[in-house]
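Read-outs throughout are calculated quantities, based only on the coordinates presented, and are distinct from any laboratory measurement. In this text, all values refer to a predicted model and were calculated from it rather than measured experimentally. Note: ideal-geometry Cβ built from the backbone for every residue, glycine included; neighbour counts use all protein chains shown.
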Amino acid sequence: MAHALKAQKSSVRHQSAGEAGVAASAADSGTFERVVRAARRRFDTAIALVSLREADNWRYVTPSGVSVGAPPAERSFCGSALRQLLPLVVTDAAADARFASMLPNTRDACHRFYAGRALRDAQGFALGTLCVMDPAPRSFNDDAREELDDLADWAEAALARWQLGCDRRALAQMLGVASEGQGLDAELKVWDREAITGLLERETRRVARSRGALSVLRVDVDQLQSLDARYGRAVSSTVLKSVAQSLRGTLRPYDAVGRYAEDEFLVVLPDSDEAGAAVVGERLRRRVTEDAMAVGVDRISCTLSVGAAAVQADALAPSAEGLLAAAGGALREAKRAGCNRVHLAGRSSPRVPGALRGWSAEWSPLGR
């Protein structure tokens, strides 16, 4: 019930249809169909659905598909759930003074049981509901309420992922990315410095509003200069491209990576705390260390030094500059300790290679 308890501390906020803007792609992702199937199986009700605001109408997602319709009536079950912070539970509408008189005049008339919770974004705006309904009255205990909360949290996580994607598209527009290739590093096909730092600034502002988690990695390719001296620029460039490809392939879909300097990358990890940053940094380090390429009779590989920093839970005004500086200091400590390791900002000593195995259970990447 953590979500519900936290909700009690904030005010009820409604968002207009135009402000919410939940697009069809969110409803068509398949995640909401999975949520409602799980809800119907768990509660064994005739109906389970997710309702989502759009610019001009609502989408209703059921186990059998998606439909578009009018918004829930203000005095309907879902209309009432939208205005509540805690789940709305109606065990028998016919005996409930709030709904008995209005039921004959709404599409809820054939349902006497209802349990639903508003789905909110990071700012607390109601974007829709998750609910279950049945023609027969039934009880709904505290365990059932908590499970409904868990399923609603799952749906909210899907909305959050979609909104992160919107933020990245908005950043692309803000940077004037009008055609493919703009805002990208031409050599490595990752964000360029301006784009990745702009994304970090945008994420920092979002976290300052939502009090969520955010971490960054500054990733340096250790042996690039020596490879350049021995094999030439063409080989070192190929190695750098291989590293960029490995980073992209290891990160979550809504993480971002960009070229921050000649042989340094900046990775932005939304919704990841310090433990998550440590695990991702170690995962990237191992992936690149294990890769090798043939140059004549030689097989060459490189290692990474990683500096990690996260927004602290008690930070009143997190800044992109502060995160970059903290991660930069951690990167210098990793290099000073001998390279090929991850260092967390604020720690007294770098983590040696392989020392983060026990952290892996603490980072649960959504969508993977």
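Just in segment 200-249: which trypsin sites (Lys or Arg not before Pro) are loop by DSSP and have at most 15 other Cβ atoms within 10 Å? Don't jump to the answer; show the numbers that get you there.
Working: sites: Arg202, Arg205, Arg206, Arg209, Arg211, Arg218, Arg230, Arg233, Lys241, Arg248; in loops: Arg211.
Sparse-neighbourhood loop trypsin sites (Lys or Arg not before Pro): Arg211.
Amide H neighbours of Asn340 under 5 Å, at least 5 residues apart or on other chains, H built in the peptide plane: list them.
The answer is Leu304, Ser305.
Could you pull out every residue, at least 5 positions away or on a different chain, whose amide H is within less than 5 Å of the one on Arg120? Hs are placed 1.01 Å off N in the peptide plane, and Pro or chain starts have none.
Sorted by chain and number, the residues that satisfy this are Leu127.
What are the ³J(HN,Hα) couplings of segment 244-258, residue after residue, when phi is run through the Karplus curve with 6.51, -1.76, 1.60 and θ = phi - 60°? Round to Hz, x for glycine and proline.
So the J values, rounded to whole Hz, are 4, 5, 5, 4, 4, x, 9, 7, 6, x, 9, 6, 9, 9, x.
Would you mind telling me the antiparallel percentage of the DSSP bridges in segment 185-359, rounded to 5?
Details: 23 of 27 bridges.
Bridges in segment 185-359 are about 85 percent antiparallel.
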